[in-house]
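Here is the structure we will look at.
Quick note: the coordinates plus some simple rules give every number you see, no bench work behind them. These numbers come from a predicted model, not from an experiment. Cβ sites come from the backbone with ideal geometry, for glycine too, and all protein chains shown count toward neighbours.
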Amino acid sequence: MEEILQLDTIQKYNDLYGLNTLHPQVSIVDLTEATHVVNNIKMNYGIYALYLKNNLSCTIQYGRNKYDYKEGTIVCFSPGQVGEVKTKVDEVKPEVYGILFDPSFIIGTNLSKRMSKYRFFSYDVTESLHLSEEERKVIMLCLEQIQLELAHDTDKHSKELIAMNIELLLNYCLRFYERQFATREVNNKDLLQRFEYHLLDYLNQTETNKGLPTVKYFASRLCISPNYFGDLIKKETGKSPQEYIQEAIIQKAKILILETNHSMNEISSKLGFKFPQHFARFFKKHTGKTPTELKKGI
């Protein structure tokens, strides 16, 4: 069985690559300074990690398509995720930069309250952020500023300033991801159409006990992570996938109520509800009427 390194401290990572540790909870990664070669290893992250890799001949798998990028690629990991470093040939001092930070470091900072908005930490590796040259320079400047703070003598301002600079870095990543969604509009439209197809297909299935459609289910069918799927649909439609699914359920319910002779029990089962009363509450919440009231034209 392949060994998985439990990467739960900054020191473990730096020891693995032979890097210096300036702070026990935050570290800037510069693998061009690595003294150990590490090319085939799996790591179970207990810390946050963000890597920028520059590779002039890098081919990235994105969803079902492949793209070649020359400027730089960002990949992120959050605690609980497993990442793998694997290359066909030894890569000495790879051009990889980034940051590692322990979840406990940000406790009590503004960044802790805002981490949930950086959903890209839960994107799949195939949903990496691909940067232009100007964007790459911005990321490198952010990393350099954090490194300066780490090298500075510790004082009462250190933690807040480091956390603020990490937040600035992550906010730039948010901006660049939004740019990437926009520049991939054709691919996004294709994913949206496929989502709509799978959603309608799901609602038209006749078997009982299939359960309500979930965001995770459709993300899996589209071969992308739930968070990336959610952000993409929100960008394209202005609605979350959950809102999109709920609206589709309501429209299908109206058709079944008004255009068929199915009982409410049958309709609720066809739509994936376990109990008819759950369907009735859901329907009234979203339409202001019960299914019976709609049927009677009240």
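Values for this structure:
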{"quantity": "222 nm mean residue ellipticity, helices alone, for the chain (DSSP H n ≥ 4; -39,500 (n - 2.57); rounded to 500)", "calculated": "-15000 deg cm²/dmol"}
{"quantity": "Inter-probe distance in nm under a simple model that places probes 7 Å from Cα toward Cβ, at T290 and K12", "calculated": "5.6 nm"}
{"quantity": "Among the listed pairs K216/K274; K234/K295; K234/K284, those beyond 21 Å (Cα-Cα)", "calculated": "K234/K295; K234/K284"}
{"quantity": "Check: the chain dipole with +1 on Lys, Arg Cβ and -1 on Asp, Glu Cβ, in debye", "calculated": "1840 debye"}
{"quantity": "Cβ-based charge dipole, the chain, positive-most Cα from F229, L168, H278", "calculated": "H278"}
{"quantity": "Residue-count net charge about Y97 - beta-carbon cut-off 11 Å; Lys, Arg +1, Asp, Glu -1", "calculated": "-2"}
{"quantity": "Length added when fully stretched, T260-E3, from 0.36 nm per residue minus Cα-Cα", "calculated": "86.8 nm"}
{"quantity": "Within straight-line cross-link reach of K137, lysines at Cα separation under 18 Å, skipping those fewer than 8 residues along the same chain", "calculated": "K53, K70"}
{"quantity": "Sorted by Cβ neighbour density within 10 Å, fewest at the top, the residues I255, I146", "calculated": "I255, I146"}
{"quantity": "FRET efficiency, E95 to L168 (Cβ-Cβ, R0 30 Å, nearest 0.05)", "calculated": "0.85"}
{"quantity": "Positive dipole terminus of the chain, leading residue within I255, T154, F77 (C-beta point charges)", "calculated": "I255"}
{"quantity": "Efficiency of FRET between H36 and S220 - r from beta-carbon atoms, R0 35 angstrom, step 0.05", "calculated": "0.40"}
{"quantity": "Computed over the chain, Kirkwood Rh from alpha-carbon pairs, angstrom", "calculated": "22.0 Å"}
{"quantity": "Dipole magnitude of the range 143-298, debye to nearest 20 (Cβ charges: Lys/Arg +1, Asp/Glu -1, about Cα centre)", "calculated": "1000 debye"}
{"quantity": "Axial C-alpha extent at least 18 Å, average Kyte-Doolittle at least 1.6 - helices from the chain (DSSP)", "calculated": "none"}
